[in-house]
Amino acid sequence: CSNVADKERVAKSQALVRRAIEFIKKDQCSDGSWFGRWGVNYIYGTWQVLRGMKLIGEDMNKGYLRRAVEWFKHHQNSDGGWGESIASYDDPKLKGQGPSTKSQTAWALMGLISANQGHSQSVRRGVKYLLDTQTQDGTWEEQWWTGTGFPKVFYLKYHYYRHYWPMMALAQYLESQKS
């Protein structure tokens, strides 16, 4: 995976990339999160930013990215997972709040792993949540809506989110344990 990322990495010295990073910084919410578009919602947006910044070679110790890490850690549920209701599109005070879901837990894990948190207690608790909730056939159940068609208009239940996001997160977790 890292070989592919290295080959596809865009030089941060390019003006377009520098402008994109400045946009990301300006678009960040004051609490450290980012709004999400295709997945519900701030958990999805924040994961996407952390993953993207890692892939372009941004220093993951920069303050704005550390604030996102802390946002994730602060919003982890007591069961070890993460969840967010579609209600956060109407009321941002609800961001990062809701029953744990497998897909949203996976997004949070991949964000934290991208931010070099693979050995953290938060990540270990999230991985344990995924493993503890895995069904006998090796997959996961998920009742909550975690996909967004158009915020405040219609939401989607992508039935495979509960399968492939946790698998991707667990694979990234295993890779992070090698270092």
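Things worth noting here:
- Just the protein heavy atoms count here, and of the accessible area of segment 40-179 at 1.4 Å, carbon and sulfur take up 56 percent.
- Per-residue SASA entry for Arg18, accessible area with 1.4 Å probe, Å² rounded to 10: 120
- Segment 1-149 shape via C-alpha gyration tensor axes, a/c threshold 1.5: prolate
- Using a cut-off of 21 Å between Cα atoms, the listed pairs Lys95/Lys128; Lys54/Lys152; Lys93/Lys152; Lys54/Lys178; Lys95/Lys157; Lys26/Lys95 include Lys95/Lys128; Lys54/Lys152 as exceeding that distance.
- Take segment 112-179 with all the other protein chains still there, run a 1.4 Å probe, and you get 60 Å² of accessible area per residue.
- Mean ellipticity per residue at 222 nm, deg cm²/dmol - from DSSP H runs of n ≥ 4 across the chain, formula -39500 (n - 2.57): -15000 deg cm²/dmol
- Computed over the chain, relative contact order equals 21 percent, with contacts defined as Cα pairs under 8 Å that lie 6+ residues apart.
The values are calculated or read from the model by the stated rules, or taken from the named source; none is laboratory data. What you see is a predicted model; the values in this text were computed from it and never measured. Accessible surface areas use protein heavy atoms only, side chains included; no ligands, DNA or RNA. Shrake-Rupley method; radii C 1.70, N 1.55, O 1.52, S 1.80 Å.
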